[in-house]
Amino acid sequence: MTQNMTTSRWPVYLAGTDQLVAHHVRIDPGKKFTWEDTLGNSRLPEGVTQNDLALYKNNVDGEVIVVVEGEKDADNLGK
């Protein structure tokens, strides 16, 4: 039996900038995660580490901050 694969992608920016550098990719079933650079390669760009990345949806401008486990949970807060 073949399972249907679904993929979700979230944009990833360098901390302190608006520069899109990659996407965080979730592959289901199995809840597997990987990085994808802007060219579609399965990796972060050369010289970029996870410590260089901004938090997802970090533009809070005086709003209440809620910390959740991942991008999917962050997106669900706005619904």
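The values are calculated or read from the model by the stated rules, or taken from the named source; none is laboratory data. In this text, all values refer to a predicted model and were calculated from it rather than measured experimentally. Neighbour counts are summed over all protein chains in view; Cβ atoms, including those assigned to glycine, are modelled from backbone coordinates with ideal geometry. For the accessible areas, the whole protein counts, side chains as well, though only heavy atoms, and no ligand, DNA or RNA atoms are used. Shrake-Rupley method; radii C 1.70, N 1.55, O 1.52, S 1.80 Å.
Number of residues in the stretch 1-24 that are open to solvent by less than 60 Å² (accessible area, probe 1.4 Å) and either assigned to a strand (DSSP E or B) or touching a residue at least 60 places away in the same chain (Cβ under 8 Å) (or both): the value is 9. Selection of the stretch 58-72 for residues being among the charged types (D, E, K, R) and open to solvent by 70 Å² or more (accessible area, probe 1.4 Å) yields Asp61, Glu63, Glu69, Lys72. The set of residues from the stretch 25-57 being hydrophobic (A, V, I, L, M, F, W, C) and either open to solvent by less than 60 Å² (accessible area, probe 1.4 Å) or within 22 Å of Asp73 (Cβ to Cβ) (or both) comprises Val25, Ile27, Phe33, Trp35, Leu44, Val48, Leu53, Ala54, Leu55.
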